[in-house]
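Peer 1: Before I ask anything, let me first share the structure, which is written out below as structure tokens.
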Amino acid sequence: MAENQAVKQPLVSEQKRTLQPCLADFVAKVNGTASVKRILKGWNPTINVQASDTGEKFNFNVKDSMLSQPVVGEGQAGHLITLQALESVLCQVFTGALNPVRANLDGNLAVFANDQDGVKLDAVCLVLWGM
Amino acid sequence: MRAVYELAVYVAISAGMALTTNCFSMIASLFGVVSYAALSLAIVLAGVFCILVSTSIAELASLFPSAPGLRTYLKAAFGDYVSLALVSLYLMMAAMIGAVQAYILSLVLSDMGFTVLPLIVGVVTLTAVVVLNLVGMQMPRAVQLIMTGLLVAGILVVAAFALSGPAPSPVPVPTVPAVGASDLQAFLTGISLAIFLFIGFEWVTPTGTGPHAYRWMIPLSMPIAIGLLVILYLAFSAAISASLDTAGVVNNLIPQMALGRATLGAVGYYLMAFLTLLAALASFNAGIMAASRMVYALSRERVLPAWCAWISMRSGAPLGAILLVGAILLTATVATIHTGKYMLVTVIAVAIECLVYGALIFATLRLRVLRSAEPRPFKSPLPPLAQGLIGLMLPALGLGALMSYTESPFSAWNGFFALVAGSLVAAMLMRVHHNRHKPATIAD
């Protein structure tokens, strides 16, 4: 893990916030944006978020077009999506500072999901931040 | 048990992407290049080559788990321009292989007595698969596993009947003498063409369901899939050699149909037709999904126009990317069916794939220097010198494949270099587009 930190530099500016408040803000923003509901309709995965440097793990569910509050630990439900990166990268992705597809292409963000789940997640970011 | 199932799914994806309808045609064509014994050896050696290449690809995948393969690996190793050029070339090759599949599918239907123009069959099939993708229908992994299993089992059953039948009909007549010292070139050509039989095994790398998959499952799934394919192709070529006139089968683009009829009569014939249809639809679907995912990612990276990232809010299907990939595939299909230059397209595809595999091996070596400190859950067991040698041999084999196109060698060279030039221009245009459409930076 220490090796990881040494090589992968933060991509934009260093985010001082930790992962949990970033995720909580993201959940609040999604739940408060009406246009995102269309994307989430009929889509009920559990999203695991794992910081590869700190080892922190959170998960939240999508149900009835709403996101649940992030909780500590790894979700074990059937339809799982896992995102893994350095904490700073995850914070940037969940605050709209970093295009998630670009981060994935650059190898800085791992997205373990099927193709359409990946596109849906990206679509949420597109609607929220238009990047 | 869960790990075994997951590994089986990865093996099915890897083998299923490589096992296309074109493979049967290629094996038949190889009977015109080398003798049966040399053909078998060429298949084994091509498989070994691909297994060695797969160790490098697995290392790259473990370094960048879930990343969209080629684009990420080559960009990290050689920079944006080389990566874009090779990705463009690879997508062109994928379109060409898809086009040949559509052509072969049309031949199967025509052989079954459906009096429809091949062009119509190709266009209708492709359009149907594109529409299914547009509405967001995605094949579950279990279905992919079943389809690949059916295909492999069906071919092995037909081959077993052919090899154990009471009255093996026509005695195999080698079309060329056995390989000797003077036939070395033909043998090398056989190996390079046999590499075509495994193209696509690497498409499994972005499909891992979690970080655990990149430690050993995906690295192991590729050699298992290739090994399985080697057995399958050996059984198929042995069955052809035992049941059909090898001289006559050389120009038969759908030898599996003749083999099915020769071994099991009408049942075998329709079984092979069904399996061919299954293989074509599965690989069309998987190919369009994978290629459109790449196009979507390139668009979100702003190297392709924004409309390529147009998505369906309901299903999450990347509509713009699917339409672009469908249009390219349709154009390639119309051109292939219209000209009938199946073998020309195939040898160019082999040359491109050998070039790309060579690049991936050197990417592995370069990234060991550039990103030496980053963790690699899997590392290729091959010494760097051996990897370098394989990396050099692959493009040489690709060029050998181009030279093997005897109908008009210039067409093969010209076609290959036209596509390379086209990919270089495409990469340049994508860079220009990217520079003009910088991503909006969101202030902290």
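Peer 1: Take B:Ser54 and tell me if it is hydroxyl-bearing (Ser, Thr, Tyr), surrounded by fewer than 24 Cβ atoms within 10 Å (Cβ to Cβ) and part of a helix (DSSP H, G or I).
Peer 2: Numbers: hydroxyl-bearing (Ser, Thr, Tyr): yes; surrounded by fewer than 24 Cβ atoms within 10 Å (Cβ to Cβ): no; part of a helix (DSSP H, G or I): yes.
The answer is no for B:Ser54.
Peer 1: Here's something else I'd like to know. Out of (1) at the interface with another protein chain (Cβ under 10 Å from one of its Cβ atoms); (2) in a loop (DSSP other than H, G, I, E, B); (3) of a type outside the set (Gly, Ala, Ser); (4) touching a Phe, Trp or Tyr at 6+ places or on another chain (Cβ under 9 Å), what's the single condition that is false for A:Trp43?
Peer 2: (4)
Peer 1: Could you tell me which numbered condition B:Ala213 fails, if it satisfies all but one of (1) at pLDDT below 90; (2) in a helix (DSSP H, G or I); (3) within 14 Å of chain A (Cβ to nearest Cβ)?
Peer 2: (1)
Peer 1: When the residues of region A:66-87 are narrowed to those that are within 12 Å of chain B (Cβ to nearest Cβ) and of a type in the set (Val, Ile, Thr), which ends up farthest from A:Pro21 (Cα to Cα)?
Peer 2: Across region A:66-87, the extreme among qualifying residues is A:Ile81.
Peer 1: Just the residues that are more than 7 Å from every other protein chain (Cβ to nearest Cβ), without any contact (Cβ under 8 Å) to a residue 40 or more places away in the chain and aliphatic (A, V, I, L, M), please, taken from region A:88-112.
Peer 2: A:Val93, A:Leu109
Yes or no, residue by residue, for (1) touching a residue at least 60 places away in the same chain (Cβ under 8 Å); (2) touching a Phe, Trp or Tyr at 6+ places or on another chain (Cβ under 9 Å); (3) within 19 Å of B:Pro65 (Cα to Cα); (4) surrounded by fewer than 17 Cβ atoms within 10 Å (Cβ to Cβ):
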| site | (1), (2), (3), (4) |
| --- | --- |
| A:Pro21 | no, no, no, yes |
| A:Phe26 | yes, yes, no, no |
| A:Asn31 | no, no, no, yes |
| A:Val49 | no, yes, yes, no |
| A:Lys63 | no, no, no, yes |
| A:Leu67 | no, yes, no, no |
| A:Val71 | no, yes, no, yes |
| A:Ala77 | no, no, no, yes |
| A:Ile81 | no, yes, yes, no |
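Residue by residue, here is whether (1) basic (Lys, Arg); (2) surrounded by fewer than 17 Cβ atoms within 10 Å (Cβ to Cβ) holds:
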{"residue": "B:Thr331", "(1), (2)": "no, yes"}
{"residue": "B:Ile337", "(1), (2)": "no, no"}
{"residue": "B:Val347", "(1), (2)": "no, no"}
{"residue": "B:Ile361", "(1), (2)": "no, no"}
{"residue": "B:Arg366", "(1), (2)": "yes, yes"}
{"residue": "B:Arg371", "(1), (2)": "yes, no"}
{"residue": "B:Pro377", "(1), (2)": "no, no"}
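Peer 1: Let me spell it out: the conditions are (1) touching a helix residue (DSSP H, G or I) at 6+ places or on another chain (Cβ under 6 Å); (2) in contact (Cβ under 8 Å) with a residue 12 or more places away in the chain; (3) part of a helix (DSSP H, G or I); (4) farther than 25 Å from B:Ala15 by Cα, and B:Arg261 meets all of them except one. Which number is the exception?
Peer 2: (2)
Peer 1: Take the conditions without any contact (Cβ under 8 Å) to a residue 60 or more places away in the chain and hydroxyl-bearing (Ser, Thr, Tyr) and apply them to B:Thr333. Does it pass? Show your work before the answer.
Peer 2: Numbers: without any contact (Cβ under 8 Å) to a residue 60 or more places away in the chain: no; hydroxyl-bearing (Ser, Thr, Tyr): yes.
Answer is no for this residue.
Results for (1) more than 14 Å from the chain's Cα centre (by Cα); (2) closer than 30 Å to B:Glu374 by Cα; (3) free of Cβ contacts under 8 Å to residues at least 12 places away in the same chain, shown as yes or no for each residue.
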| residue | (1), (2), (3) |
| --- | --- |
| B:Ala67 | yes, yes, no |
| B:Tyr73 | yes, yes, no |
| B:Leu84 | yes, yes, no |
| B:Ala99 | no, no, no |
| B:Ile104 | yes, no, no |
| B:Leu109 | yes, no, no |
| B:Thr115 | yes, no, yes |
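Peer 1: Residue check: is B:Ala85 buried (at least 18 other Cβ atoms within 10 Å of the Cβ), in contact with a Ser or Thr (Cβ under 6 Å, 6 or more places away or on another chain) and not acidic (Asp, Glu)?
Peer 2: On the way: buried (at least 18 other Cβ atoms within 10 Å of the Cβ): yes; in contact with a Ser or Thr (Cβ under 6 Å, 6 or more places away or on another chain): yes; not acidic (Asp, Glu): yes.
When the stated conditions are applied, B:Ala85 passes them.
Peer 1: Moving to a separate point now. Suppose we filter region B:400-444 for residues that are within 14 Å of chain A (Cβ to nearest Cβ) and either at pLDDT 85 or above or assigned to a helix (DSSP H, G or I) (or both); how many remain? Break it down stepwise before answering.
Peer 2: First, pick out the residues of region B:400-444 that are within 14 Å of chain A (Cβ to nearest Cβ): B:430, B:434, B:437-444.
Applying the additional criterion that residues be either at pLDDT 85 or above or assigned to a helix (DSSP H, G or I) (or both) yields B:430, B:434.
Residues flagged as within 14 Å of chain A (Cβ to nearest Cβ) and either at pLDDT 85 or above or assigned to a helix (DSSP H, G or I) (or both) within region B:400-444 amount to 2.
Peer 1: Go through region B:1-41 and give me each residue that's among the small types (Gly, Ala, Ser), closer than 26 Å to B:Ile348 by Cβ and buried (at least 19 other Cβ atoms within 10 Å of the Cβ).
Peer 2: From region B:1-41, those among the small types (Gly, Ala, Ser) are B:3, B:8, B:12, B:14-16, B:18, B:25, B:28-29, B:32, B:35, B:37-38, B:40; that's our starting set.
Then keep just the ones that are closer than 26 Å to B:Ile348 by Cβ; that gives B:14-16, B:18, B:25, B:28-29, B:32, B:35, B:38, B:40.
Across region B:1-41, the qualifying residues are B:Ser14, B:Ala15, B:Gly16, B:Ala18, B:Ser25, B:Ala28, B:Ser29, B:Ser35, B:Ala38, B:Ser40.
Peer 1: Quick one: which residue in B:Ser312, B:Ser372 is in contact with a Leu (Cβ under 7 Å, 6 or more places away or on another chain) and small (Gly, Ala, Ser)?
Peer 2: Values: B:Ser372 fails: in contact with a Leu (Cβ under 7 Å, 6 or more places away or on another chain).
Unique residue meeting the criteria: B:Ser312.
Peer 1: Right, here's the next one. Would you check if B:Val82 is out of contact with any Gly (no Cβ under 9 Å at 6 or more places or on another chain), part of a helix (DSSP H, G or I) and β-branched (Val, Ile, Thr)?
Peer 2: Details: out of contact with any Gly (no Cβ under 9 Å at 6 or more places or on another chain): yes; part of a helix (DSSP H, G or I): yes; β-branched (Val, Ile, Thr): yes.
When the stated conditions are applied, B:Val82 passes them.
Peer 1: Within region A:98-131, can you find the residues that are acidic (Asp, Glu) and buried (at least 21 other Cβ atoms within 10 Å of the Cβ)? Quick ask: steps written out before the conclusion?
Peer 2: We begin by selecting, within region A:98-131, every residue acidic (Asp, Glu); these are A:106, A:115, A:117, A:122.
Across region A:98-131, the qualifying residue is only A:Asp122.
The values are calculated or read from the model by the stated rules, or taken from the named source; none is laboratory data. Bear in mind that the values here come from a model prediction, so they are computed numbers and not experimental data. As a convention, Cβ positions derive from the backbone with ideal geometry for all residues, glycine included, and neighbour counts pool all protein chains shown.
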